[in-house]
Amino acid sequence: MKKSFGVMSVAQLSVLIQTAAVDPVDVVEDVLGGIEAYADQTVFTALFKERAIEEAKASSARLKAGRSRGMLDGIPIAWKDLFDIEGRATTAGSTVLVKDPPAKADADVVAALQQAGMVSIGCTSMSEFAFSGLGINPHYGTPHNPHGTDAPRIPGGSSSGAGAAVAAGLVPVAMGTDTGGSVRIPAAFNGIIGYKATRGRYPMGGVYPLAKSLDSLGPLCRTVQDAVWIDAAMRGLTAPSIARGTISGLDVVIPDNVVFDGAEAGVVAAFETAVEWLIAEGVSVSRVTMPAFDEILALMAKHGSLVTAEAFALHRERLAGPEAAEMDRRVVVRTRLGEKITLSDYLAILDARERLTADVERIVGDSFVAFPSVAHVAPPIAPLEADDELFFATNGKTLRNTMLGNFLDWCGVSIPCGTGDADMPVGFLLSASRGRDEALLSAALSTEATIRGDFV
């Protein structure tokens, strides 16, 4: 039986395309067919059949003429439904934006990857307005985690469809955004790679915002190498500039406070096993207390969260009008909490953020930070839909570990490191201080095989 092109890594598929073993048009037709035949039709909110075929034909013509644009030419990619796609209204997972004017141009990063030869397949589902780490959406449906066998389980959010699409083998790569964990959480829950770049690494033009002081972008894919290739193209480079590092001698810091609180035993076991494997390969590991982590939680309890304040400012008029009744009630409740955050609260958060970021950078230095991406595996969907109190509690716990990195302006890569309860995937989050993306990706390249172990 023919292997679907959607289940391949970007690198595997690139070899076939660049050597003319397969034609980009055949790849795209196969991927579109796989999406249409997939049992869960909530993963995608739109398919761009005509555009995808035209882009694939253009790629095919370039390759036959010896004018390949590089390793990504002809590779299919899916986009979280908050990236502008020319000629389509950007819904951001909501029905209230459906009647907005169509985008006049592609988002900057969509255009950058098209210039690299990539083929835009469609838009993937997401939490409404990207404001949840669970991925539940009452308007377009909630994609099921492909690894869930006992009950339908959440895909994680807010880049829910992106995570499910890659994990299900529908596309080799999907683009997400990350404001509090929205790339790394679905990557962890779905057993794939999720790279959150330092905020500002890529142009944000044409990306629907949630909280501009936190919003960042990144791909969900099968390997770190794939993320490296995509990163280069998003920055307008024709080839990656990041080299694979040496695993022996790497310095990794593991915090012993906050990030393991309430963690499931299976998650801790999978993470610690990966740590043991890294130590055996020569990685230097130290356990430290990060006072800033406790301070961040205390700061949020006292003043509110930065994301809530900025989300409320963005949606203030919408929440005061009839559109609020058309929104996910849980998104409305969370966003309205921002109304209680005063200007003095907001400024206090920003001042503390600058101080704590500097404090942590002094502690971490050139080392990398590691802890579980999420303290639990993906839970079943039904109880969360039925119980708002459980929803909010689970959402907070799901976001807790990753949002620390957003607050501190870190970059991070979630790498699968085994399974926990119900044989669901566990993520190993490797992070670095702001702007150290090259060093982080180099370290992730060198440690990926060790961290993953037997998990594929």
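In whole Å, how far is the Cα centre of segment 31-60 from that of segment 286-303?
A separation of 44 Å, based on Cα centres.
Taking other Cβ within 10 Å of each residue's Cβ, how do ILE341, ILE77, ILE121 sort, fewest first? Walk me through the numbers on the way to the answer.
Values: ILE341 20, ILE77 25, ILE121 29.
Exposure proxy ranking, most exposed first: ILE341, ILE77, ILE121.
How would MET175, MET327 line up from fewest to most surrounding beta-carbon atoms within 10 angstrom? Don't skip to the end; give the middle numbers.
On the way: MET175 29, MET327 22.
Ascending number of Cβ neighbours within 10 Å: MET327, MET175.
For segment 202-343, what class follows from the C-alpha gyration tensor (a ≥ b ≥ c being the square roots of its eigenvalues): rounded when a/c is under 1.5, otherwise prolate if a/b is larger than b/c, else oblate? Each step should come with its number before you reach the end.
Working: a/c = 2.54, a/b = 1.46, b/c = 1.75.
The shape class here is oblate.
Give me the Debye-computed log₁₀ of I(q)/I(0) at q = 0.22 Å⁻¹ for segment 332-456, equal point scatterers on Cα only, no solvent, two decimals.
Each listed q corresponds, in turn, to -1.23.
Once you have a ≥ b ≥ c as the square roots of the Cα gyration tensor eigenvalues for segment 128-208, tell me rounded if a/c is under 1.5, and otherwise prolate or oblate according to whether a/b is larger than b/c.
prolate
Once phi is turned into θ = phi - 60°, what whole-Hz ³J(HN,Hα) does the Karplus curve with 6.51, -1.76 and 1.60 give for every residue of segment 348-354, x standing for Gly and Pro?
5, 5, 5, 4, 5, 4, 4
For segment 336-395 and segment 201-218, what is the separation of their Cα centres, given in Å?
Segment 336-395 and segment 201-218 have Cα centres spaced 18 Å from each other.
Rounded to whole Hz and in sequence order, give me ³J(HN,Hα) for segment 412-427 from the Karplus expression 6.51 cos²θ - 1.76 cosθ + 1.60, θ = phi - 60°, writing x for Gly and Pro.
x, 10, 8, 10, x, 9, x, 10, x, 4, 6, 6, 8, x, 10, x
Could you grab the Rg to Rh ratio for segment 395-437? Cα atoms only, Kirkwood for Rh. Spell out each step's value before the answer.
On the way: Rg = 12.0 Å, Rh = 11.5 Å.
Computed over Cα atoms, the ratio is 1.05.
Report, to two decimal places, the Cα Rg of segment 293-354 normalised by 2.2 N^0.38 Å (N = number of residues). Before the final figure, lay out each step's value.
Details: Rg = 12.7 Å, N = 62, 2.2 N^0.38 = 10.6 Å.
This ratio for segment 293-354 stands at 1.20.
Given the chain, what count of lysine pairs have C-alpha atoms under 26 Å apart, with each pair 8 or more places apart or on different chains?
Lysine pairs meeting the criterion: 29.
Please report, in debye to the nearest 20, how large the charge dipole of segment 208-344 is about its Cα centre when each Lys and Arg carries +1 at its beta carbon and each Asp and Glu carries -1 there.
On the way: 13 positive and 18 negative charges, 106 e Å.
Here segment 208-344 has a charge dipole of around 500 debye.
Could you calculate, for segment 322-406, the ratio of the Cα radius of gyration to the Kirkwood radius, expressed as Rg to Rh?
Working: Rg = 17.1 Å, Rh = 16.1 Å.
Here Rg/Rh amounts to 1.07.
Using the Karplus curve 6.51 cos²θ - 1.76 cosθ + 1.60 with θ = phi - 60°, work out ³J(HN,Hα) for each residue of segment 270-286 in order, rounded to whole Hz, and write x for Gly and Pro.
5, 5, 5, 5, 4, 4, 4, 5, 5, 4, 5, 8, x, 6, 8, 10, 10
Rounded to the nearest Å, what's the spacing between the alpha carbon centres of segment 150-174 and segment 412-456? Just the number, please.
Centre-to-centre distance over Cα atoms comes out at 17 Å.
Answer rounded, prolate or oblate for segment 87-238, using the Cα gyration tensor with square roots of eigenvalues a ≥ b ≥ c: rounded when a/c is under 1.5, else prolate when a/b is larger than b/c, else oblate. Before the final figure, lay out each step's value.
On the way: a/c = 1.56, a/b = 1.14, b/c = 1.37.
Verdict is oblate for segment 87-238.
In a Debye calculation with equal point scatterers on the alpha-carbon sites of segment 1-125 and no solvent, what is log10 I(q)/I(0) at q = 0.11, 0.12 Å⁻¹?
Reported log10 I(q)/I(0), two decimals: -0.38, -0.45.
Taking the Cβ of VAL224 as the center, what net charge do the other residues with Cβ under 11 Å away carry, scoring Lys and Arg +1 and Asp and Glu -1?
Values: positive: ARG222, ARG244, ARG452; negative: ASP226, ASP231, GLU448.
Value of the local net charge: 0.
In a shell of Cβ-Cβ distance under 13 Å around ALA263, excluding ALA263 itself, what net charge do Lys and Arg (+1) and Asp and Glu (-1) give? Write out the running numbers ahead of the final one.
Details: positive: LYS397, ARG400; negative: ASP256, ASP261, GLU264, GLU272, ASP421.
Around ALA263, the charge tally is -3.
Could you list which residues have their amide H under 5 Å from that of VAL288, counting only those 5 or more apart in sequence or on another chain, with H placed in the peptide plane?
Placed amide hydrogens put ILE254, ASP256 under 5 Å from VAL288.
In what sequence, highest mean first, do 378-388, 406-416 appear when ranked by Cβ atoms within 10 angstrom? Walk me through the numbers before you get to the answer.
On the way: 378-388: 16.5, 406-416: 27.3.
Going by the mean number of other Cβ atoms within 10 Å, highest first, we get 406-416, 378-388.
List the residues of segment 338-378 whose backbone N lies under 16 Å from a point placed 7 Å from the Cα of PHE392 along the Cα-to-Cβ direction.
In segment 338-378, the label zone of PHE392 (backbone N under 16 Å from the point 7 Å along Cα→Cβ) covers 338-341.
What translational D, rounded to a whole number of µm²/s, comes out for the chain from Stokes-Einstein when the hydrodynamic radius is the Kirkwood one over Cα pairs, at 25 °C and 0.890 mPa s? Intermediate results must be reported in sequence, preceding the final value.
Working: Rh = 21.8 Å.
Translational diffusion coefficient: 113 µm²/s.
Zone of ASN257 (label point 7 Å along Cα→Cβ, backbone N under 18 Å): which residues in segment 423-440?
The answer is none, because no backbone nitrogen lies closer than 18 Å to the label point.
Show the residues, 5+ positions off or on another chain, whose built amide H is closer than 5 Å to the amide H of PHE260.
none
Enumerate the amide H contacts of VAL173 below 5 Å, restricted to partners 5 or more residues apart or on another chain; note that Pro and chain-start residues carry no placed amide H.
Amide H to amide H, under 5 Å and 5 or more residues apart or across chains, VAL173 pairs with ALA78.
Return the Rg/Rh value of segment 180-259, two decimal places, where both radii are evaluated on C-alpha atoms and Rh is the Kirkwood radius. Can you show the working numbers first?
Values: Rg = 14.6 Å, Rh = 14.6 Å.
Rg/Rh: 1.00.
Dipole of the chain, Cα-centred, from +1 at each Lys and Arg C-beta and -1 at each Asp and Glu C-beta, to the nearest 20 debye?
Details: 39 positive and 54 negative charges, 174 e Å.
Once rounded to the nearest 20, the dipole reads 840 debye.
Read the figures in this text as sums done on the coordinates, not as results from a lab. Treat the numbers as computed from the prediction; the structure is a model and nothing was measured. A quick note on method: Cβ atoms are made from the backbone with ideal geometry, for glycine too, and the neighbour counts reach across all protein chains shown.
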